[in-house]
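The values are calculated or read from the model by the stated rules, or taken from the named source; none is laboratory data. A quick note: this is a predicted structure, and the numbers were derived from the prediction, not measured. Positions of Cβ are generated from backbone atoms using ideal geometry, with glycine treated the same way; all protein chains shown enter the neighbour counts.
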Number of protein chains: 2
Amino acid sequence: MFDYTEDMKEKLSFFNERQQKITEMVDKSGSLRVADLSKQFNVSEETIRRDFEKLEAQGLLNRIHGGAVRIEQKSEIPIPKRRAKNIEEKEMIAAKAASYVEDGDIIAMDASTTTLIMTKYIKGKSLTVITNSIGVSLEFAQESDIRVILIGGYLAESSMSLVGNFAERVIQDYHVDKFFFSCLGVDFKRGVSEIHEDQALVKKQLISISEELFLLADYSKFGEKSLFRLCDITEADYLITDNKVPINTIRELNNLGVTGIVGEKSD
Amino acid sequence: MFDYTEDMKEKLSFFNERQQKITEMVDKSGSLRVADLSKQFNVSEETIRRDFEKLEAQGLLNRIHGGAVRIEQKSEIPIPKRRAKNIEEKEMIAAKAASYVEDGDIIAMDASTTTLIMTKYIKGKSLTVITNSIGVSLEFAQESDIRVILIGGYLAESSMSLVGNFAERVIQDYHVDKFFFSCLGVDFKRGVSEIHEDQALVKKQLISISEELFLLADYSKFGEKSLFRLCDITEADYLITDNKVPINTIRELNNLGVTGIVGEKSD
DNA sequence: GGGTAAAATGTTCGATTATACAGAAGATAT
DNA sequence: ATATCTTCTGTATAATCGAACATTTTACCC
């Protein structure tokens with residue numbers, strides 16, 4: 001006889017009851033502490049951390065030191081802010097990155113502030129540039145020796161860039177010598193990550209057709225991790241950063257086979 | 001010994017959450033003081049400064065002596081300006097054409113002066129717009145109810161538009177209700193023609209996926225013919241022109257099944 | 001039912017992180 | 001200018017984390 005009892009549905013839950021509860025709790029209260037949950041559920045703190053790890057991977061919460069917080073789902077419209085400040089570091093990084101661009105290169109550039117700054121250092125060269133940034137293409141529009149390919153897509157107002165899955169089909173036909181891109185976080189374990197899924201998609205595509213990867217990340221990016229993983233840190237060939245990054249970090253990079261480069265003040 | 005009660009501490013806020021709160025607070029009030037926040041969150045001033053440092057690096061606020069302020073943002077994308085001949089006629093045509101755009105439409109617009117002018121008459125509507133014109137997309141960038149799809153391609157500097165054969169692959173997936181486009185020549189025998197091959201290609205593609213065709217042509221276009229044929233004149237559903245066109249021409253159009261429409265002065 | 005592989009959980013410990021504190025250097029106001 | 005407030009720098013410390021390994025629980029198969 002079949003006996004559909006309560007027990008059966010328990011089995012079917014794809015994550016355990018505790019994780020389910022944690023998800024509800026974080027949605028309700030906004031933040032949770034590892035220590036608290038450990039006591040509350042009568043399990044070790046490690047277990048709670050492993051729960052967090054899984055839930056984070058599923059995009060159900062964000063981990064922070066000491067606990068976890070609810071994911072704020074507001075990134076659609078209200079943050080056109082990501083620009084401006086630590087211009088100084090970005091300027092250094094951009095100038096350094098530009099020095100790796102050679103005549104005849106086919107390069108790709110993402111839609112970040114740093115690459116936008118980069119444009120002024122590589123004007124005058126003879127290049128093919130693939131990008132999804134309207135700003136970058138406008139900068140090169142007047143340059144007769146630079147051929148610009150703008151990847152099509154939905155216009156993301158906040159970053160003035162183009163995103164969307166149909167870039168995929170187009171990008172695959174191209175070969176790129178050097179891809180210059182930024183990210184939201186660089187973490188030795190979690191790799192290179194980005195907060196916006198659509199930007200992440202485009203970058204991943206560009207990564208897949210590029211021979212050399214130049215990751216541009218100022219000091220504030222180190223140790224940060226965000227939801228969407230672009231690639232492993234070791235996949236990058238060069239990581240260009242600024243002089244606020246500890247020398248040990250650079251050493252560690254070099255040990256991993258990533259050429260860590262520190263930009264210098266040029267002005 | 002200290003004698004503080006639970007409510008004094010209110011320290012469920014840990015690292016990330018505090019930074020998040022600070023971001024909200026600075027957006028709301030415009031400015032914050034280090035000393036105030038230090039008391040409010042029950043952490044040392046150094047901690048608040050480090051928070052500021054990180055948030056500043058992310059471009060979420062600006063630091064000042066003693067505190068931090070909201071960052072005021074200006075658009076850094078230059079809006080391309082255009083000058084053209086027959087502005088008056090084009091204005092009339094554009095306004096008329098815009099009156100055919102309805103809420104909910106999926107429209108396509110080419111990279112002509114007339115469609116660029118058109119944009120100002122259809123702002124505020126709720127639309128999906130497919131275009132290969134950077135100018136058109138920039139005009140709509142701030143419009144929250146307009147979803148812009150920019151067709152990718154090589155950047156043609158002269159017209160600030162995108163051309164190239166890979167538009168084909170992408171365009172085919174879409175359906176367009178109304179396509180608004182211009183041309184170089186309209187001739188009853190030779191049809192609608194264009195001088196630039198690459199622009200012609202994109203327009204042909206858009207024509208093939210569009211239900212209704214709105215051809216925008218001022219009086220100077222009639223009788224002109226150019227190298228690349230876009231379509232037969234009878235394929236257009238509407239032809240919007242100006243009052244310098246002889247009334248006989250309009251009649252002839254109507255006889256061919258094309259609704260000839262004359263724009264009027266609106267100012 | 002017993003055996004076994006896989007998954008979940010616990011334990012330990014070195015590494016990392018957030019934070020406080022103190023003193024020097026810098027900025028501001030009177 | 002000088003007194004005061006703010007910031008920066010380095011150091012110390014406690015909490016927290018992550019990795020490796022040990023143990024338990026669960027699932028599955030014969």
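Scan the stretch A:139-148 and give yes if some residue there is in contact (Cβ under 8 Å) with a residue 60 or more places away in the chain and buried (at least 17 other Cβ atoms within 10 Å of the Cβ), otherwise no. Explain how you work it out, then say what you get.
Of the residues in the stretch A:139-148, the ones in contact (Cβ under 8 Å) with a residue 60 or more places away in the chain are none.
No, every residue in the stretch A:139-148 fails to be in contact (Cβ under 8 Å) with a residue 60 or more places away in the chain and buried (at least 17 other Cβ atoms within 10 Å of the Cβ).
Which of the residues spanning the stretch A:153-196 are within 27 Å of A:LEU253 (Cβ to Cβ), surrounded by fewer than 22 Cβ atoms within 10 Å (Cβ to Cβ), touching a residue at least 24 places away in the same chain (Cβ under 8 Å) and among the charged types (D, E, K, R)?
A:ASP177, A:LYS178, A:ASP187, A:ARG190
Of the numbered conditions (1) closer than 25 Å to A:LYS225 by Cβ; (2) at pLDDT below 90; (3) not in a loop (DSSP other than H, G, I, E, B), A:ARG169 satisfies every one except a single condition; which is it?
Going through (1) closer than 25 Å to A:LYS225 by Cβ; (2) at pLDDT below 90; (3) not in a loop (DSSP other than H, G, I, E, B) one by one, A:ARG169 breaks only (1).
Looking only at residues in the stretch A:220-233 that are closer than 20 Å to A:GLU88 by Cα and buried (at least 19 other Cβ atoms within 10 Å of the Cβ), which one is nearest to the chain's Cα centre (by Cα)?
Step by step, filter the stretch A:220-233, then rank; the result is A:LYS221.
Each row is one residue, and each column tells you yes or no for (1) among the aromatic types (Phe, Trp, Tyr); (2) facing chain B (nearest Cβ under 9 Å).
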site: A:ALA111; (1), (2): no, no
site: A:SER126; (1), (2): no, no
site: A:SER144; (1), (2): no, yes
site: A:ARG147; (1), (2): no, yes
site: A:SER161; (1), (2): no, no
site: A:TYR174; (1), (2): yes, no
site: A:GLY185; (1), (2): no, no
site: A:HIS196; (1), (2): no, no
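Do we find that A:ILE93 is of a type in the set (Val, Ile, Thr), within 10 Å of another protein chain (Cβ to nearest Cβ) and touching a helix residue (DSSP H, G or I) at 6+ places or on another chain (Cβ under 7 Å) in this structure? Spell out the reasoning first.
Values: of a type in the set (Val, Ile, Thr): yes; within 10 Å of another protein chain (Cβ to nearest Cβ): no; touching a helix residue (DSSP H, G or I) at 6+ places or on another chain (Cβ under 7 Å): yes.
No: the conditions fail for A:ILE93.
More than 14 Å from every other protein chain (Cβ to nearest Cβ) and free of Cβ contacts under 8 Å to residues at least 60 places away in the same chain: does that describe A:LEU213?
It is true that A:LEU213 is more than 14 Å from every other protein chain (Cβ to nearest Cβ) and free of Cβ contacts under 8 Å to residues at least 60 places away in the same chain.
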